[in-house]
Amino acid sequence: SRFQPINLFEYEKLAKEHLSQMTLDYYSSGAWDEITLRDNRAAFERVKLRPRTLVDVSDRNLSTSILGQPLQLPLLIAPMAFQCLAHPDGEVATAIAAASAGVGMVLSTMATKSMEEVAAVGNKQNTLQWFQLYIHKDRGLTRALVERAYAAGYKALCLTVDAPVLGQRERDQRNEFALPPNLHLANLATISGLDISHETGESGLFTYFAQQLNPAVTWRDLEWLQSISPLPLILKGILRGDDAVRAVESGARAIIVSNHGGRQLDGAIASLDVLAEIVAAADGKAEVLLDGGIRRGTDILKALALGAKAVLIGRPVLWGLAVAGQVGVSHVISLLQDELNVAMALSGCAKLQDIDSSLLRFNQSLS
Ligand code: HOC
């Protein structure tokens with residue numbers, strides 16, 4: 001009889017049996033000593049709850065909206081590269097699971113399914129789908145991606161701002177991480193004319209990616225990005241209040257507090273630890289979301305109590321995909337939904353608006 005995971009940690013454990021060591025390492029690793037990777041989780045464990053008692057919580061409502069679009073729960077799937085490494089249906093399976101649960105999805109530029117194929121799933125069910133991008137060295141490439149994203153029906157552009165260069169993940173270096181020849185970068189290959197699926201060896205992929213990233217991008221380039229598309233702009237990877245202020249001034253409609261799952265600057269602060277600062281800096285002028293370390297319904301509750309409008313999950317989706325494709329992702333989402341539902345009841349919150357900072361007590365180290 002198949003073992004059925006009952007929480008996201010069990011999905012992670014089971015996924016290990018379904019993935020090659022190279023893929024598992026690519027998905028699970030953080031940069032250098034993986035301090036930030038671990039601290040993203042530890043930050044949630046440090047925050048304690050002060051539940052409110054004797055509140056009528058018989059009717060619970062987990063729904064919300066982000067940038068005016070409804071969500072069944074305050075959850076989106078973070079952009080993650082190469083999802084076909086986990087399951088042949090890759091990003092399409094993820095999109096179906098997100099759409100049927102009424103949660104959002106951000107598609108990575110580095111996807112292994114085309115943005116049009118993924119958008120077709122979202123458009124059918126009118127789900128929140130955003131497209132993640134970089135401002136590439138090749139502006140023509142960025143422009144072409146942005147135009148395709150708009151035409152396909154993505155509702156926002158989610159610019160990654162924490163990757164002027166790629167963080168160093170030593171497990172990938174050791175493994176000489178490479179894509180198997182049957183997978184390709186569905187959104188880039190056709191535009192750039194570069195069929196990277198035929199690149200073999202670690203250097204091909206990393207060199208290609210390094211050539212694409214542009215370490216010269218600054219705040220000024222956001223004007224250009226907004227001039228080529230009517231889509232709202234979201235900045236992903238903000239970890240300081242002053243950058244949040246700058247993001248708002250630059251026209252960002254939402255901010256994703258993120259350290260890229262601990263994969264970029266090791267030693268960077270845990271997302272949760274900087275959330276309150278960023279919510280204060282955004283001052284209600286941009287919606288604030290968070291990713292990094294969400295594994296339990298109580299983590300969502302804590303992030304919302306600190307002012308996040310919603311959270312994103314990354315790796316657990318890959319574990320769900322690896323274990324059972326779309327069914328696995330759907331199950332991962334429903335486990336989190338159930339946990340959030342119970343956590344709200346146990347905290348005296350019938351609806352998301354009832355979740356506020358009075359639910360929290362910080363340890364000395366956080367105050
Ligand atoms: C080898 C190229 O954001 C990550 C992604 C970047 C994907 C490009 C890797 O792995 O964190």
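The values are calculated or read from the model by the stated rules, or taken from the named source; none is laboratory data. Small disclaimer: the values here were computed from a predicted structure and weren't measured. Cβ atoms come from the backbone with ideal geometry, glycine included; neighbour counts cover every protein chain shown. When the accessible area is computed, the model is the full protein with side chains, heavy atoms only, and any ligands, DNA or RNA have been set aside. Shrake-Rupley method; radii C 1.70, N 1.55, O 1.52, S 1.80 Å.
Screening the candidates ARG169, ARG139, ARG174 for the property of being within 22 Å of ASP266 (Cα to Cα) and either away from the ligand (no atom under 15 Å from the Cβ) or over 22 Å from the mean Cα position of the chain (by Cα) (or both) yields one hit, ARG174.
So is ALA120 aliphatic (A, V, I, L, M), part of a loop (DSSP other than H, G, I, E, B) and under 19 Å from LEU145 (Cα atoms) or not? Taking the combined requirement at face value, the residue does not satisfy it. Every listed requirement among (1) assigned to a helix (DSSP H, G or I); (2) open to solvent by 10 Å² or more (accessible area, probe 1.4 Å) is met by VAL146 save one, (2). Can you name every residue in region 64-85 that is surrounded by 13 or more Cβ atoms within 10 Å (Cβ to Cβ), away from the ligand (no atom under 16 Å from the Cβ) and in a loop (DSSP other than H, G, I, E, B)? LEU67, GLN72, LEU73, PRO74 - these are the residues of region 64-85 that are surrounded by 13 or more Cβ atoms within 10 Å (Cβ to Cβ), away from the ligand (no atom under 16 Å from the Cβ) and in a loop (DSSP other than H, G, I, E, B). Within region 92-112, the set of residues being under 20 Å from HIS136 (Cβ atoms) and not in a strand (DSSP E or B) comprises SER108, THR109, MET110, ALA111, THR112.
Whenever a residue of region 262-274 is on the phi > 0 side of the Ramachandran plot and open to solvent by 20 Å² or more (accessible area, probe 1.4 Å), its partners that are at pLDDT 95 or above and away from the ligand (no atom under 13 Å from the Cβ), lying with C-beta atoms within less than 7 angstrom and at least six residues away or across chains, give the pairs GLY267/ILE35. Condition check for ARG52 on (1) in contact with a helix residue (DSSP H, G or I) (Cβ under 7 Å, 6 or more places away or on another chain); (2) open to solvent by 10 Å² or more (accessible area, probe 1.4 Å); (3) within 26 Å of LYS155 (Cα to Cα); (4) assigned to a loop (DSSP other than H, G, I, E, B): one failure, at (3).
Of ILE278, ILE255, ILE238, which residue is of a type in the set (A, V, I, L, M, F, W, C) and under 26 Å from ASP172 (Cβ atoms)?
On the way: ILE278 fails: under 26 Å from ASP172 (Cβ atoms); ILE255 fails: under 26 Å from ASP172 (Cβ atoms).
Of ILE278, ILE255, ILE238, the one residue that is of a type in the set (A, V, I, L, M, F, W, C) and under 26 Å from ASP172 (Cβ atoms) is ILE238.
Of SER330, SER347, SER334, SER357, all but one fail to be open to solvent by 50 Å² or more (accessible area, probe 1.4 Å) and of a type in the set (Ser, Thr, Tyr); the exception is SER357. Whether a residue is in contact with a Cys (Cβ under 8 Å, 6 or more places away or on another chain) and open to solvent by less than 40 Å² (accessible area, probe 1.4 Å) was assessed, and VAL92 does not pass this test. Please note which helices (runs of 4 or more DSSP H) are completely contained in region 226-341 and include at least 3 residues that are more than 18 Å from the chain's Cα centre (by Cα). In region 226-341, 241-249, 271-282 are the helices (runs of 4 or more DSSP H) which contain 3 or more residues that are more than 18 Å from the chain's Cα centre (by Cα).
For region 113-128, give me each residue that is open to solvent by 10 Å² or more (accessible area, probe 1.4 Å) and either under 15 Å from the mean Cα position of the chain (by Cα) or within 16 Å of the ligand (Cβ to nearest atom) (or both).
LYS113 - this is the single residue of region 113-128 that is open to solvent by 10 Å² or more (accessible area, probe 1.4 Å) and either under 15 Å from the mean Cα position of the chain (by Cα) or within 16 Å of the ligand (Cβ to nearest atom) (or both).
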